[in-house]
Amino acid sequence: MKYRTINEAVLYNDEEICTLTKDDLAELSELGLATKEQRTRLCVHEEPGSLVHEMFIIHTNDTYVRPHRHRTKSESFQVLEGEASLVLFDDNGQVQRVVSLGGLASGKTFYFKMPALVWHMLVIHSKVLVFKEVTQGPFDSEDCEFPDWAPTGRHCDEVPEYMQTINKMINHYDA
């Protein structure tokens, strides 16, 4: 696997024909564990302007995936390794649905496709979550919207309390 580093959490494939092995995913996982944000992504599309974005993403269980939605783009998501909960919200931040995610062998949901304008977040339960995400390009940071009812992640004191509340809601849905 050859890649170029954009920043500590974003890598771009640097080969004409991209191939990945289990060892490559393990390397990406180690890179994710070493980042400040506890995540990394390998973009296998050519550039931010590409019309289709394919990314192999690693989140650790210390990653805070801030609730968000995409204004104009759908996304699909396939879990390769690990376990998480996909939490879907209404416009007021109330949990509407929780989907238990895991790799194919787990027997849990391993794939989802979501339309634009759905508030969502991930809660990672395993040490590492490895997944492939596909969405429409080109990249536009303005397409991602964040609600005012969830911590930004910059206020460390707010995140643990918010995550306790979310985990209680997840447990309620699993009961």
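Specify the residue that is nearest to the chain's Cα centre (by Cα); the eligible residues are those in segment 126-146 that are closer than 17 Å to residue 37 by Cα and not aliphatic (A, V, I, L, M).
Among those that are closer than 17 Å to residue 37 by Cα and not aliphatic (A, V, I, L, M), it is 131.
Against the condition at pLDDT 90 or above, over 21 Å from residue 136 (Cβ atoms) and loosely packed, with under 12 Cβ neighbours inside 10 Å, how does residue 90 come out, does it pass?
Here the answer is yes, as residue 90 does meet what is asked.
For segment 19-36, state whether one or more residues are touching a helix residue (DSSP H, G or I) at 6+ places or on another chain (Cβ under 9 Å) and under 11 Å from residue 130 (Cα atoms).
no
May I ask you to say which residue of 73, 22, 113, 36 is crowded, with 16+ Cβ neighbours inside 10 Å and basic (Lys, Arg)?
73
Give 123, 159 a once-over and let me know the one that is over 13 Å from the mean Cα position of the chain (by Cα) and farther than 20 Å from residue 54 by Cβ.
159 is the lone residue from the list that is over 13 Å from the mean Cα position of the chain (by Cα) and farther than 20 Å from residue 54 by Cβ.
Select from segment 93-103 the residues that are closer than 24 Å to residue 143 by Cα and among the polar types (S, T, N, Q) and write down the one among them that is surrounded by the fewest Cβ atoms within 10 Å (Cβ to Cβ).
Here the residue is 94.
Being surrounded by 16 or more Cβ atoms within 10 Å (Cβ to Cβ), over 20 Å from residue 165 (Cβ atoms), among the hydroxyl-bearing types (Ser, Thr, Tyr) and over 13 Å from the mean Cα position of the chain (by Cα) is the requirement here; does residue 106 meet it?
No: the conditions fail for residue 106.
Taking into account only those residues within segment 9-31 that are free of Cβ contacts under 8 Å to residues at least 40 places away in the same chain and hydrophobic (A, V, I, L, M, F, W, C), which is farthest from residue 57 (Cα to Cα)?
Among them, the one singled out is 17.
Collect the residues in segment 122-137 that are part of a loop (DSSP other than H, G, I, E, B) and not basic (Lys, Arg), keeping them in residue-number order.
125, 126, 137
Applying the selection to segment 116-125, what residues are in contact (Cβ under 8 Å) with a residue 60 or more places away in the chain and buried (at least 17 other Cβ atoms within 10 Å of the Cβ)?
122, 124
Any residue at all in segment 138-160 that is assigned to a strand (DSSP E or B), touching an Asp or Glu at 6+ places or on another chain (Cβ under 8 Å), of a type outside the set (Val, Ile, Thr) and surrounded by 13 or more Cβ atoms within 10 Å (Cβ to Cβ)?
No: zero hits.
Give the residues of segment 76-87 that are surrounded by fewer than 18 Cβ atoms within 10 Å (Cβ to Cβ) and closer than 21 Å to residue 146 by Cα, sorted by residue number.
Selection gives 76 alone.
The values are calculated or read from the model by the stated rules, or taken from the named source; none is laboratory data. Keep in mind it's a predicted model, so treat the numbers as computed, not measured. All Cβ positions, even for glycine, are placed from backbone atoms using ideal geometry, and neighbour counts span all protein chains on display.
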